[in-house]
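The values are calculated or read from the model by the stated rules, or taken from the named source; none is laboratory data. Just so we're clear, the structure is a prediction, and the values are computed from it rather than from any experiment. Neighbour counts run over all protein chains shown; Cβ positions are idealised from the backbone, glycine included.
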Amino acid sequence: MKIIKIFAAALITAALVSGTAFCGTNPITEKTYSPKAINHFPDTKSGRKVLIGDFHCHTEWGHGGLTVPDRIMEAWAWGFDYLAITEHGNISGAVATTPADSKWLPKDAKSYTGVAGVEKGDMPRQPMESNRLAIPIAKKYGLLYFCGVESGIAGKEHTVAFNISKDYNSDAYDHWLAEDPGQGNAVWYRDRFKQFKDMGAFLIYPHPHYGYAREQMQWSVDHGLVRGIEVMNGSNSTKAIAATGATEGEAGYRWYEAFDYALEHNLGIYANTDAHGERGATFTLVLAKEKTKESVMEACNELRTVGYFDNMLWGRVRDVDDIISSCVEVEKIKLDSALTMVRISNLSPMTMTMSVLGRDIELPPYNNVLVKNETGRDSFVITYKNVWTSSKTKLKKRY
């Protein structure tokens, strides 16, 4: 009996040390990640899965602080369904390493350096190497992985492209594209965007701090090349960016004008971290038929994406209504043939803040509440105060 007790104690100790039930260990870096308290939204009433992930983040290959394996493991710990790593196209940063570079790079180009502590030239210029490294690791941990890249016009708009080919051959000028044809040796942005689209990539306008009216971005939107825009960017944006209209939130910067721009110009709505260090609770929810890359891309092309951040949903009425319909159950309780009580159940991982029957309610995840009906009416409206359908409107549902 004593031997059995000692053996049992040894097993318990080993389990506590390994933490297999509560954390995952990256076999490459040996950094330990604890799964976050994030649960998935239930499937929608229309039969779609609500997949969570991030289409815009970086690693040490693109001025970030995490290795590729660490970024994958971090996503796994958050319970992600998908991930795109989108390094800056010119992985060495905008450093004038050749005479051709210096001909067209902005005057402050030399202030853009590679990874801290890495000498210029030590990092490869080919960002797809990071994607090729990520693909087998993501597959091992059950993540749908999309090869991606961040490009843009010098000092102005950037563009994130995901679902590009893993064999895409980046060149030295992808970080800063030419605003006009024939600008130095840079690739003209129209040519590059068309190339991305031809290979099946999806382009979004991230951290739209340069506005929405410039010909370059509007042309790209009008011609169906840029199909989405970030309404939340979780990076540590500068005061200059905040001054252009972004509002600082808990998880980054909110772009209210981008929300309305997306609705006006038929663009997908995205909330991404732009994480260079460790990420926070900012996700893009993709309403897909299945958990497959093909289904995710189909949903993106149908603009079935919703931003989730700061305990809010930002999206089209069609999509947030689809999500809320499966997350909130309403039971009408009648006594003496009159509707006297209403039970509201929250089946989602987010706190629901709502106005119903003259009361403001904050309903935590996986909880329910009874509300007395003093109106005498058989039907009523719930206003979901943290579910936004435009920069000024919130979801309302009649029950």
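Kindly evaluate Gly62 against the criterion of being surrounded by 23 or more Cβ atoms within 10 Å (Cβ to Cβ), under 20 Å from the mean Cα position of the chain (by Cα) and at pLDDT below 90.
For Gly62, the condition - surrounded by 23 or more Cβ atoms within 10 Å (Cβ to Cβ), under 20 Å from the mean Cα position of the chain (by Cα) and at pLDDT below 90 - is met.
For Asn301, which of the numbered conditions (1) crowded, with 21+ Cβ neighbours inside 10 Å; (2) within 20 Å of Gly148 (Cα to Cα) fails to hold?
All conditions are met except number (1).
What number of residues in the range 284-342 are basic (Lys, Arg) and at pLDDT below 95? So that I can check it myself, show each step before the final result.
As a first pass, look at the range 284-342 and keep what is basic (Lys, Arg): 289, 291, 293, 304, 316, 318, 332, 334.
Keeping just the survivors that are at pLDDT below 95 gives 332, 334.
Looking only at that region, the number is 2.
In the list Ser326, Ser295, which residue meets the criterion of being in contact with a Lys or Arg (Cβ under 6 Å, 6 or more places away or on another chain), among the polar types (S, T, N, Q) and under 23 Å from Arg398 (Cα atoms)?
Values: Ser295 fails: under 23 Å from Arg398 (Cα atoms).
The unique qualifying residue is Ser326.
On the given criteria, is Trp388 closer than 30 Å to Lys139 by Cα, in contact (Cβ under 8 Å) with a residue 12 or more places away in the chain and of a type in the set (Phe, Trp, Tyr)? Step through it out loud before you land on a result.
Numbers: closer than 30 Å to Lys139 by Cα: no; in contact (Cβ under 8 Å) with a residue 12 or more places away in the chain: yes; of a type in the set (Phe, Trp, Tyr): yes.
When the stated conditions are applied, Trp388 does not pass them.
Among the numbered criteria (1) at pLDDT 85 or above; (2) surrounded by 17 or more Cβ atoms within 10 Å (Cβ to Cβ); (3) closer than 18 Å to Cys57 by Cα, which single criterion is violated by Ser220?
Looking at each condition in turn, Ser220 falls short on (3).
Looking only at the range 129-180, which residues are of a type in the set (Gly, Ala, Ser), more than 24 Å from Asn233 (Cβ to Cβ) and either at pLDDT 85 or above or not in a strand (DSSP E or B) (or both)? Give the derivation first.
Taking the range 129-180 first, the residues of a type in the set (Gly, Ala, Ser) are 130, 134, 138, 142, 148, 151-152, 154-155, 161, 165, 170, 172, 178.
Next cut, more than 24 Å from Asn233 (Cβ to Cβ) only: 142, 165, 172, 178.
Listed by number, the residues that qualify are Gly142, Ser165, Ala172.
Suppose we filter Leu225, Leu285 for residues that are farther than 22 Å from Pro349 by Cα and assigned by TED's automatic domain parsing to the domain that holds Gly65; which single one remains? Give the derivation first.
On the way: Leu285 fails: farther than 22 Å from Pro349 by Cα.
The conditions single out Leu225.
Under the condition of being in contact with a helix residue (DSSP H, G or I) (Cβ under 7 Å, 6 or more places away or on another chain) and not β-branched (Val, Ile, Thr), which residue from the range 353-391 is farthest from Cys327 (Cα to Cα)? Show your work before the answer.
Going residue by residue through the range 353-391, those that are in contact with a helix residue (DSSP H, G or I) (Cβ under 7 Å, 6 or more places away or on another chain) are 384, 387, 389-391.
Of the ones still in play, those that are also not β-branched (Val, Ile, Thr) are 384, 390-391.
Values: Tyr384: 12, Ser390: 20, Ser391: 22 Å.
Restricting to residues being in contact with a helix residue (DSSP H, G or I) (Cβ under 7 Å, 6 or more places away or on another chain) and not β-branched (Val, Ile, Thr), the top hit is Ser391.
When the residues of the range 363-396 are filtered to those that are of a type outside the set (A, V, I, L, M, F, W, C) and not in a loop (DSSP other than H, G, I, E, B), which remaining residue is farthest from the chain's Cα centre (by Cα)? Reasoning before the result, please.
Applying the first criterion (of a type outside the set (A, V, I, L, M, F, W, C)) to the range 363-396 yields 364-368, 372-379, 383-386, 389-394, 396.
Imposing the further condition that a residue be not in a loop (DSSP other than H, G, I, E, B) reduces the set to 368, 372, 383-386, 394, 396.
Values: Asn368: 29, Lys372: 39, Thr383: 26, Tyr384: 22, Lys385: 22, Asn386: 18, Lys394: 21, Lys396: 25 Å.
Restricting to residues being of a type outside the set (A, V, I, L, M, F, W, C) and not in a loop (DSSP other than H, G, I, E, B), the top hit is Lys372.
Kindly evaluate Ala213 against the criterion of being part of a loop (DSSP other than H, G, I, E, B), surrounded by 19 or more Cβ atoms within 10 Å (Cβ to Cβ) and at pLDDT below 90. Let's see the steps before the verdict.
Numbers: part of a loop (DSSP other than H, G, I, E, B): yes; surrounded by 19 or more Cβ atoms within 10 Å (Cβ to Cβ): no; at pLDDT below 90: yes.
No, not satisfied.
Among the residues of the range 303-314, is there at least one that is within 16 Å of Phe202 (Cα to Cα), of a type outside the set (A, V, I, L, M, F, W, C) and touching a residue at least 12 places away in the same chain (Cβ under 8 Å)?
yes
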